[in-house]
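The values are calculated or read from the model by the stated rules, or taken from the named source; none is laboratory data. This one's a predicted model, so the numbers in the text were calculated from it and none came from an experiment. Glycine gets a Cβ as well: all are built from the backbone with ideal geometry, and neighbour counts include every protein chain shown. These accessible areas exclude ligands, DNA and RNA; they are computed on the full protein's heavy atoms, side chains included. Shrake-Rupley method; radii C 1.70, N 1.55, O 1.52, S 1.80 Å.
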Amino acid sequence: MKPTLAASQLRGSLTQYLTTTYALADEDTRLALERFLGDPETGIFRGPYLRIRTPFHPAGDEWRAALEWLPSFTPWRHQAKAWERLSTYKGAAEPTLVTTGTGSGKTESFLIPVLDHCRRQKALGRRGVKAVLLYPMNALATDQAGRIGEYLAQPELAQVTAGLYIGDKPDTDFRRVMTRRAASGSSAPRSPRWPPPRSPRGLDATLPRPRRRPGDRVPAAAAARPRG
């Protein structure tokens, strides 16, 4: 596909659609609409624009010192810097903010040190929730659960478990990520290990419990439970 030709064809099709949809009887108004749609300077269309992005810089070999468990790929420089700050291998993690472009590996910037931490804590026999990942949309959380499951399928992370809670039954079943049944009577399987137990001595975060608000529907089983 040639971007310039595709943009020209799209512009022509959209212009034809708009002029046909708004079939104006007044000649002056019709000409004004055509000028608005087709004028190269003041019209509705701009571009096409070409975005040129310089390649990301790969990290040097020193990135391996920040982690105990190493992924199978060489990170970008910004990922390695994030791992160095977020890793708990040789000390406490530091607050970190990663801002970079789409497709630059922001998920791996925080996920790799989180998995490394969970693996190390599991090897020490420390149970409970070690990290909580928050996402603004259920679809994004479900997509990320699939990526996490791919990492957990590796033999080195076989003892690490993960759970997905979105308040509803996800459309996708995950082999390595447990899901929680949203309501009584749901057909979704519920693992006896989900929700997981609290971490000992209260050192780690636990999943937030949704609070019931006035007007919320109560499952039939809960409503019929005697109170005393």
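Annotations for the structure displayed:
- Filter result for residue 7 (more than 30 Å from residue 116 (Cβ to Cβ), in contact with a Pro (Cβ under 6 Å, 6 or more places away or on another chain) and open to solvent by less than 80 Å² (accessible area, probe 1.4 Å)): yes
- Close Cβ contacts (under 6 Å, 6 or more residues apart or on different chains) running from residues in the range 121-147 that are farther than 12 Å from residue 172 by Cα and part of a loop (DSSP other than H, G, I, E, B) to residues that are of a type in the set (Asp, Glu) and open to solvent by less than 80 Å² (accessible area, probe 1.4 Å) comprise 128/204; 129/204; 130/204.
- Scanning the range 10-33 for residues that are open to solvent by less than 80 Å² (accessible area, probe 1.4 Å), touching a helix residue (DSSP H, G or I) at 6+ places or on another chain (Cβ under 9 Å) and not charged (D, E, K, R) gives 14, 15, 18, 19, 24, 33.
- Within the range 34-73, considering residues that are among the acidic types (Asp, Glu) and not in a helix (DSSP H, G or I), the one nearest to residue 92 (Cα to Cα): 68
- In the range 128-155, the residue that is nearest to residue 92 (Cα to Cα) out of those that are of a type in the set (D, E, K, R) and touching a helix residue (DSSP H, G or I) at 6+ places or on another chain (Cβ under 7 Å) is 130.
- Scope the range 144-181; condition of a type in the set (Asp, Glu) and either over 17 Å from the mean Cα position of the chain (by Cα) or farther than 17 Å from residue 133 by Cβ (or both); matching residues: 156, 168, 171, 173
- Options 105, 43: the member that is of a type outside the set (A, V, I, L, M), open to solvent by less than 80 Å² (accessible area, probe 1.4 Å), modelled with pLDDT under 95 and on the phi > 0 side of the Ramachandran plot: 105
- Test: residue in the range 102-113 that is in contact with a Gly (Cβ under 8 Å, 6 or more places away or on another chain) and among the aromatic types (Phe, Trp, Tyr): no
- The number of residues in the range 83-97 that are exposed (fewer than 14 other Cβ atoms within 10 Å of the Cβ), among the aliphatic types (A, V, I, L, M) and either more than 15 Å from residue 131 (Cα to Cα) or touching a residue at least 24 places away in the same chain (Cβ under 8 Å) (or both) comes to 1.
- Put simply, of 167, 128, 185, 149 the only residue that is modelled with pLDDT under 75 and either open to solvent by less than 70 Å² (accessible area, probe 1.4 Å) or farther than 25 Å from residue 69 by Cβ (or both) is 185.
- Filter result for residue 202 (modelled with pLDDT under 55, at positive phi and open to solvent by less than 100 Å² (accessible area, probe 1.4 Å)): yes
- Considering each residue of the range 154-174 in turn, none proves to be at positive phi, assigned to a loop (DSSP other than H, G, I, E, B) and without any contact (Cβ under 8 Å) to a residue 40 or more places away in the chain.
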